[in-house]
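Bear in mind that the values in this text are calculations on the coordinates, not laboratory data. These numbers come from a predicted model, not from an experiment. When we count neighbours, we look across all protein chains shown, and the Cβ atoms used for this are built from the backbone with ideal geometry, even at glycine.
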Amino acid sequence: MKDRKRELRKSRSNLVDMGEGVIALSAWTILKFIMFSIFKKAELINLVKDELKGEEYPPFMYELAVIFVDVIVLALMTFIMVITYWIGKSAIKEGKNLKKGIVYVVASVIFVIIYADSVYWGIMNLINGTPSIFDDTASILVDITTLFAFAGLTISAIKVKYLGE
Amino acid sequence: MQEDFHYYATYAAAYIAGYSHEESMEICYSAQFVDVCSYTLLTKLKAPLSAATTQLQLELMNERTDIVGLQNITRIWSSFHFLPRDLYAEKKKCGKRYRDKYRLICGPNGDLLVDTVNIAKNSSLQAVGIAMHVLADTWAHTYFAGTPSYVINNTDFYFYELLGENEPYIEKSIKFRHSPTEPDDIENSIYTNSLSQSTENSIMNLGHGRAGHLPDYSFAKYKYLPAWKDYDEVIKDNPADYMKAFCQMIYAMKYLRGEISTFEKETYAEDEISQWKADIDQILRKRQLNACEDWKKFGERLSGREIEDFSIDKYQQQYIDAPKKDKDYTYLGRFFIAAMRQKSMVTNKIYTSGNLIAGFSVDFAKRGFKGIRDYIKLLEAFKRNGNE
């Protein structure tokens, strides 16, 4: 009984730590996109030009297209960040025994799958010879960290629910 | 503990143990002086810096946390405020670095406590006062170590105050904030603590900083998870612990006066306080930030004499005005000698246990006058008094 209570306290503490980690890492999602928009603007414009092959537009139209894409993607990233923040906050609340929930655990599992997939394709890109090896390696490393954070959060949440019964 | 216990309660304990009013005043002044004898004060008095028994917040902010700085911090805090309970404690599945810190965890009734009381025997009243301060703090500061360590002294959000006289207690979650200027809000269980710093040797992780002033409030009863206990909770019952501290101080001082032949661990002078037990218990359990007034009234009721309030300046001019050859015979001079003796003893015990966390310790009496100049003064005092 004593060991079970100790395990429960340990799992709760881990859940709080993972929740805080997930919130911090969620900022990376937006940060990555902002850095890409600033430093890879020329690449984005070329991407748009490639999509509109065979058609000639004034230069400002390509920039406008890039801005449009930026806004849409930024909105999407913000939405993902809000979801991630909510997952982290729910984990912290459950860890501190303030609130219980299951939806955030399901969402966390979905993120585990998404980030596992991202890491897999990132590694595949590296193997197949990506032109931007340093950027992609840094991105993979952070994605692996985020994957571990979500996986740890999921495991801790399940343990808390099991031991708390 | 704070002034209410170190000064006024120590006076009461000394008087009950049989000391006169004047002797009790000297003892309790010395006990409280341990909390103010800093480098800053010693520099002002041009007194030996090795006699420092505490470090002010500003001094701690300036203190380095490299090996030398950590040894200096540990020497002071372990010797006077967080006396280790068991320097040979076993801990499985850990490295030497961790074990050395684990062995500095403070607790009552350790072998070092016996040594602390014994070196005050046949010594000055100032030495008695220092020993009482150290003894009292072993009860209040249990489970914390006098060295900056995240893995030993850290706490987390699992911190509950236990309200009510008996079980089942009402558990109230304690909220900590880092707001040094605001007083603790005991009605709403909001207390100030040190900032969370995950750096192992950060000053924020020294002693009971992460638990704020809770260990020093006699009314507080709480449970929490100390970092060293691997998610096992501890329950700290301050009213019961402070009562034991008070009874043990009386017992220790009776021994120091010569009424008892040996000082033994886990022995308390409970019979001597039987007529006042209810009064003392009431003072200890009263929810207040400072119990000075209550303890003062109690002490004055015991002796029928007025207890002068503590003033840091009281003996300073005497020390400053004394000629160099006579400084050791002034009140503060005797205090400094006793403090250096206590620090020397504890540092030596830690060193001989194979733990370098408090630095090296050299037996000057055997090896001659090598080492810190301040400690030559200690040797001279020993030779004058014929002590070992």
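Structural remarks
- D_trans [Stokes-Einstein, Kirkwood Rh over alpha-carbon pairs] for the protein assembly as shown, 37 °C, 0.692 mPa s, µm² s⁻¹: 121
- Column: log10 I(q)/I(0), Debye, Cα scatterers of the stretch B:37-153, q = 0.10, 0.12 Å⁻¹: -0.33, -0.47
- Projected label distance in nm at B:Thr262 and A:Thr137, using a 7 Å step from Cα toward the beta-carbon: 6.9
- Only helices enter the 222 nm calculation for chain B: every DSSP H run of n ≥ 4 contributes -39,500 (n - 2.57), and dividing by all residues gives -13000 deg cm²/dmol, rounded to 500.
- Average other protein chain Cβ within 10 Å of Cβ, residues B:79-88: 0
- ³J(HN,Hα) computed for each position of the stretch B:346-359 - Karplus, 6.51 cos²θ - 1.76 cosθ + 1.60, integer Hz, glycine/proline x: 5, 4, 5, 5, 5, 5, 6, 7, x, 10, 9, 5, 9, x
- Rough spin-label spacing in nm, given labels placed 7 Å along Cα→Cβ, for A:Ile113 and A:Leu64: 4.0
- Greater than 18 Å apart at Cα, pairs in A:Lys99/B:Lys236; A:Lys5/B:Lys229; B:Lys46/B:Lys349: A:Lys99/B:Lys236; B:Lys46/B:Lys349
- Total charge dipole magnitude, the stretch A:2-163, about the Cα centre, Cβ charges on Lys, Arg, Asp, Glu only, Debye to nearest 20: 1680
- Across the stretch A:2-163, counting alpha-carbon atoms alone, Rg and Dmax equal 19.8, 74 Å.
- Shielding of A:90-98 by partner chains, average beta-carbon count, 10 Å: 1
- The stretch B:151-237: C-alpha gyration tensor shape, a/c 1.5 cut-off, then a/b vs b/c: oblate
- For the stretch A:2-163, the relative contact order comes to 40 percent (Cα pairs under 8 Å, sequence separation of at least 6).
- Descending by average beta-carbon neighbour count within 10 Å, the peptides B:238-249, B:15-26, B:127-138 line up as B:127-138, B:238-249, B:15-26, the highest first.
- Total formal charge among the other residues, if their Cβ is under 14 angstrom from that of B:Ile312, Lys/Arg +1 and Asp/Glu -1: -3
- Other protein chain Cβ atoms within 10 Å, averaged over every residue that makes up A:6-14: 3
- Projected onto its three principal axes, the C-alpha set of chain B covers 59, 53, 40 Å, listed from the longest axis down.
- For the stretch B:238-305 versus the stretch B:72-140, the gap between their alpha-carbon centres in whole angstrom: 21
- Helix-derived mean residue ellipticity, 222 nm - over chain A, DSSP H n ≥ 4, -39500 (n - 2.57), to 500: -31000 deg cm²/dmol
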